[in-house]
Amino acid sequence: MSGKKIRMGQGPQDPDKGLKGADTDREAGRSVVMTDPRKEDMMYVEAVKNLRTNLQFTGADIKVVVMTSCFPNEGKSDLTFQLAKELGNIQKRVLLLDADIRKSAYASRYKVGKKIVGLSHYLSGQARLEDIIYSTNNEGMDILFAGTMAPNPSELLESKAMEELLAVARKRYDYILVDTPPAADMSDAAIIAKWCDGVVLVLESGRVGYRLAQKVKAQVARAGCRMLGVVLNKVDMQSDRYYGRYGRYGYYGKYGYRKYGYKKYGYGRYGYGGYGYYGGMKEESEETGGGEA
């Protein structure tokens with residue numbers, strides 16, 4: 001980490017000039033090769049494709065999507081990266097915006113072997129927008145890295161420069177996936193959500209309690225952003241025969257077909273299960289109690 005203190009700033013005065021296109025990015029050297037460490041898994045790929053389809057069916061007005069979780073290491077960033085790739089594969093123009101300027105891992109995880117500038121540099125006035133968006137070796141996908149860890153992340157994310165950046169990105173991209181820090185103990189996701197169209201919450205199976213998931217949902221609601229749904233991640237297929245058929249991101253989710261039956265929590269009312277791909281989050285009741293989400 002650099003010893004240089006990140007200061008508040010407003011970014012370039014005309015951020016619209018910063019989005020020129022992938023070819024220009026490559027000519028200027030603003031391109032990166034991202035090496036995916038995940039081993040090939042067709043079940044996983046099909047699961048992400050289903051998630052992509054469900055995102056498309058949320059509506060044409062859903063372009064800027066917050067991807068968050070309750071805790072670290074629930075698989076949110078990996079899922080965001082894979083979803084961005086799959087959207088690019090169907091000729092969508094996608095920006096993966098890493099907004100975790102507290103502790104980002106994209107550059108190291110995907111073995112980006114070059115010095116980069118990112119979001120914290122732009123928001124603190126140390127870089128222009130045209131300097132921080134990189135084309136990648138994945139079709140249709142650009143990335144905006146988080147940049148240097150900042151001591152004042154909430155203040156930076158709440159600045160006018162962040163609002164302007166998202167407004168400008170809407171003009172170029174079909175989808176902007178905003179990867180934020182976990183939302184249980186930090187306000188960053190809710191801060192950004194007020195400028196976004198929807199939120200996807202990634203939950204690790206068996207780790208997150210129902211009340212905590214509802215707390216995060218309430219934070220998003222206060223920001224005026226729509227909760228698109230929940231992805232149940234890291235399902236233990238050995239412990240439940242209904243998960244075994246469908247791969248790691250099981251279709252049903254813990255509140256899906258098996259536990260609460262077909263009519264109320266299965267396909268009919270909440271899509272692929274209340275806590276499956278994009279199931280609605282049911283308010284707490286006598287049936288749900290305070291169980292695990």
Find the residue count for the stretch 131-162, including only residues that are under 22 Å from A84 (Cβ atoms) and surrounded by fewer than 17 Cβ atoms within 10 Å (Cβ to Cβ). 2
Mind checking whether some residue in the stretch 67-80 is modelled with pLDDT of 90 or more and aliphatic (A, V, I, L, M)? yes
Single match in S187, S154, S135, S120 (criterion: over 24 Å from A223 (Cα atoms) and among the polar types (S, T, N, Q)): S135
For the condition surrounded by fewer than 24 Cβ atoms within 10 Å (Cβ to Cβ) and at pLDDT below 90, what is the one hit in R211, R269? R269
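The values are calculated or read from the model by the stated rules, or taken from the named source; none is laboratory data. The structure displayed is predicted, hence computed values, not measured ones. A quick note on method: Cβ atoms are made from the backbone with ideal geometry, for glycine too, and the neighbour counts reach across all protein chains shown.
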